[in-house]
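Enquirer: Structure incoming, see below.
The values are calculated or read from the model by the stated rules, or taken from the named source; none is laboratory data. Remember, it's a predicted structure, so these values are computed and weren't measured experimentally. Methodologically, a virtual Cβ is constructed for each residue, glycine included, from the backbone with ideal geometry; neighbour enumeration extends over all protein chains shown.
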Amino acid sequence: MRRSCKTLSVLITLLLMIGVFTSGCSDTPDAKTGDKEFYVIGFSQLGSESDWRIANTKSMSQTFTNDNGYELIIENAKQQQDNQFAAIRRFILEGVDLIVIAPTIEEGWDMILNEVQSAGIPVIIIDRSVAVRNDDLYLTNIGSDFLHQGELAVEWLEDQTSDSEYVNILHLQGTYGATAQLMRTKAIEDAESTHSNWKIVAQLYGDFTEAKGYEVMTEYLKKNKDIDVLYSENDNMTFGAMRALDEAGITYGENGQVKIITFDATKTALQYCLDGKISLCVECNPMHGPLVEQLIKRYRSGETIPKHVFIDEAAFTREDLTQEMVEERDY
Ligand code: GYE
């Protein structure tokens, strides 16, 4: 207690001294006059679980630079929604101009977004979505059409398996309750129910990370080897799964036992696809920065902006790719 009083008095004295000093030099240029006014953005990033996520964070920080007139404060929530709430509350206290949220899961956002709204701060949701009762709580949601991505995978698999008597599908799932997981799961589950020859033999939880993908696959493969297709909800889980398949002596890819479908289509995954190891890469574009900036500019100039902006995405097989395309991939 005594110590903090002392610290306080030292601080006050210092502040007074600065005050006297600056007021005494009113003719000399104030350091502040040279400072630019930045538009301050608080960005609650959900984590750093995947290559996709790293690219997404990079795209945001490369866009919202001081040179472009922004100050970007990034908080990494380490895949915990509570950490996102804490970061958002700090943004409110700091009085940022706008908050961007890449939410972990869809549920549970009403209360915190109400707090942000009461503070008069606009919100943009990127990547995954939030399931809130009132969508006035955010300006716009920019991200992928995850159901469409799943449907692209299903379409391709239909083509591949129309003559097969049975198709055993092993399903690796991302973070439960995240839009990317919910929609990619919906696509394959719906398709299974309408294809009598398809069977999802197991659903394993990989939480979108390579380590978890490897771990659950290794465990599963100890007892089960009868798999025709691996439907993996992101590239990093796929990489972990490939390692587990290698160790279990199960072949995959062209002329192999297992066909691999993966989501994201990062450079590494595309290279595997071109090398014949992965059969299908469904694209999920993380380069949100420029698009977010465009929308912020429109919002600041008083335009009404669309409530949901989807990014155009495709799917690739080996035949669609060239080495050049892989090299050009920026994530
Ligand atoms: O597919 C995965 C990441 O929500 C689109 O999250 C994102 C997903 C992406 O961890 O790699």
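Enquirer: With the condition kept exactly as written, say whether any residue in the stretch 118-129 is under 20 Å from SER50 (Cβ atoms) and in the same structural domain as TYR252 (by TED's automatic domain parsing).
Expert: No, the stretch 118-129 contains no residue that is under 20 Å from SER50 (Cβ atoms) and in the same structural domain as TYR252 (by TED's automatic domain parsing).
Enquirer: Restricting attention to the stretch 99-134, which residues are farther than 26 Å from GLN173 by Cβ and in a loop (DSSP other than H, G, I, E, B)?
Expert: Answer for the stretch 99-134, where residues must be farther than 26 Å from GLN173 by Cβ and in a loop (DSSP other than H, G, I, E, B): ALA119, GLY120, ILE121, PRO122, ARG133, ASN134.
Enquirer: In the stretch 197-217, which residue that is part of a helix (DSSP H, G or I) and touching a strand residue (DSSP E or B) at 6+ places or on another chain (Cβ under 9 Å) is farthest from THR251 (Cα to Cα)? I'd like the intermediate steps shown before the answer.
Expert: The first filter runs over the stretch 197-217 and keeps only residues part of a helix (DSSP H, G or I), leaving 210-217.
Right, trim to touching a strand residue (DSSP E or B) at 6+ places or on another chain (Cβ under 9 Å) and you get 212-213, 216-217.
Values: LYS212: 21, GLY213: 17, VAL216: 18, MET217: 14 Å.
The selected residue is LYS212.
Enquirer: Being assigned to a loop (DSSP other than H, G, I, E, B) and touching a helix residue (DSSP H, G or I) at 6+ places or on another chain (Cβ under 7 Å) is the filter; apply it to the stretch 135-180 and report the residue that is surrounded by the fewest Cβ atoms within 10 Å (Cβ to Cβ). Outline the logic, then answer.
Expert: The first filter runs over the stretch 135-180 and keeps only residues assigned to a loop (DSSP other than H, G, I, E, B), leaving 138-139, 144-145, 162-166, 174-178.
With touching a helix residue (DSSP H, G or I) at 6+ places or on another chain (Cβ under 7 Å) added as a condition, the list becomes 138-139, 174-175.
Values: TYR138: 22, LEU139: 20, GLY174: 27, THR175: 24.
If we take residues in the stretch 135-180 being assigned to a loop (DSSP other than H, G, I, E, B) and touching a helix residue (DSSP H, G or I) at 6+ places or on another chain (Cβ under 7 Å), then LEU139 is surrounded by the fewest Cβ atoms within 10 Å (Cβ to Cβ).
Enquirer: I would also like to ask the following. Return the only residue of ILE305, ILE296 being farther than 24 Å from SER50 by Cα and touching a helix residue (DSSP H, G or I) at 6+ places or on another chain (Cβ under 8 Å).
Expert: Step by step, each of ILE305, ILE296 is checked, and only ILE305 is farther than 24 Å from SER50 by Cα and touching a helix residue (DSSP H, G or I) at 6+ places or on another chain (Cβ under 8 Å).
Enquirer: Just give me the residues in the stretch 115-134 being without any contact (Cβ under 8 Å) to a residue 40 or more places away in the chain, under 24 Å from GLN181 (Cβ atoms) and among the charged types (D, E, K, R), in sequence order.
Expert: Within the stretch 115-134, just ARG133 meets the criteria.
Enquirer: Would you please list the contacts, defined by Cβ atoms under 7 Å and residues six or more apart or on different chains, that run from a residue in the stretch 74-98 that is over 21 Å from GLN62 (Cα atoms) to a residue that is in a helix (DSSP H, G or I)?
Expert: Once the first residue is over 21 Å from GLN62 (Cα atoms) and sits in the stretch 74-98, its partners that are in a helix (DSSP H, G or I) give PHE85/ILE112; ILE88/ILE112; ILE88/VAL116; ILE92/GLU115; ILE92/VAL116.
Enquirer: In the stretch 85-98, what residues are surrounded by 21 or more Cβ atoms within 10 Å (Cβ to Cβ) and part of a loop (DSSP other than H, G, I, E, B)?
Expert: VAL96 - this is the single residue of the stretch 85-98 that is surrounded by 21 or more Cβ atoms within 10 Å (Cβ to Cβ) and part of a loop (DSSP other than H, G, I, E, B).
Enquirer: Right, next: Residues that are of a type in the set (Lys, Arg) and closer than 22 Å to GLY174 by Cα: which strands (runs of 3 or more DSSP E) entirely in the stretch 245-331 hold 1 or more of them?
Expert: 259-264
Enquirer: Next up: Can you run down the residue pairs with Cβ atoms below 9 Å, 6 or more apart or on separate chains, where the first is in the stretch 218-239 and at positive phi and part of a loop (DSSP other than H, G, I, E, B) and the partner is at pLDDT below 95 and within 16 Å of the ligand (Cβ to nearest atom)?
Expert: none
Enquirer: I would also like to ask the following. Can we say ARG53 is among the basic types (Lys, Arg), part of a helix (DSSP H, G or I) and more than 16 Å from the ligand (Cβ to nearest atom)?
Expert: Here the answer is no, as ARG53 does not meet what is asked.
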